[in-house]
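The values are calculated or read from the model by the stated rules, or taken from the named source; none is laboratory data. The structure displayed is predicted, hence computed values, not measured ones. Don't worry about glycine lacking a Cβ; one is built from the backbone with ideal geometry, like all the others, and counts go over all protein chains shown. Just the protein is used for accessible areas: all its heavy atoms, side chains included, with ligands, DNA and RNA removed. Shrake-Rupley method; radii C 1.70, N 1.55, O 1.52, S 1.80 Å.
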Amino acid sequence: MLAPNPIQQQAVNTLLQSGQENYIRQIEVRNSKGQLLMSRDEVNKFSESIDMSTLPDGFYLITVITNNSSEVLKAVVNRN
């Protein structure tokens with residue numbers, strides 16, 4: 001789960017809610033062109049915050065890799 005979306009504040013929380021056995025291993029943030037903007041390895045938590053305050057308004061793909069699977073979340077940054 002990704003909240004809030006659209007992002008109007010500085011940070012976005014990526015929350016994994018698929019049970020206590022799944023934890024976040026890695027997070028990647030890419031722009032609409034697929035360019036890697038941020039990567040966080042060895043997170044090893046059930047939830048994590050990402051500071052997106054330096055990113056301009058736009059569309060982003062956040063890949064959350066867990067110990068069992070991966071998921072691509074769509075995020076919109078719109079501070080207007």
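State yes or no: is K74 modelled with pLDDT of 80 or more, among the basic types (K, R) and within 10 Å of the chain's Cα centre (by Cα)?
When the stated conditions are applied, K74 passes them.
For segment 52-69, give me the residue count where each residue is open to solvent by 80 Å² or more (accessible area, probe 1.4 Å) and closer than 16 Å to I24 by Cβ.
Looking only at that region, the number is 1.
Of all residues in segment 52-80, which are in contact with a strand residue (DSSP E or B) (Cβ under 6 Å, 6 or more places away or on another chain), among the charged types (D, E, K, R) and not in a strand (DSSP E or B)?
D57
When both residues are 6+ apart or on different chains and their Cβ atoms are under 7 Å apart, which pairs have a first residue that lies in segment 63-74 and is among the hydroxyl-bearing types (S, T, Y), and a second that is assigned to a strand (DSSP E or B) and exposed (fewer than 14 other Cβ atoms within 10 Å of the Cβ)?
Correct list of pairs: T63/S70; T63/V72.
How many of the residues making up segment 1-49 are at pLDDT below 80 and aromatic (F, W, Y)?
Summing the residues that are at pLDDT below 80 and aromatic (F, W, Y) in segment 1-49 gives 1.
Mind checking which residues of segment 33-51 are part of a strand (DSSP E or B), hydrophobic (A, V, I, L, M, F, W, C) and either touching a residue at least 40 places away in the same chain (Cβ under 8 Å) or surrounded by 12 or more Cβ atoms within 10 Å (Cβ to Cβ) (or both)?
Residues satisfying the conditions are L37, M38, I50.
If R25 satisfies every condition in (1) in a loop (DSSP other than H, G, I, E, B); (2) open to solvent by 80 Å² or more (accessible area, probe 1.4 Å); (3) more than 14 Å from K74 (Cα to Cα) but one, which is the exception?
Status for R25: all satisfied but (1).
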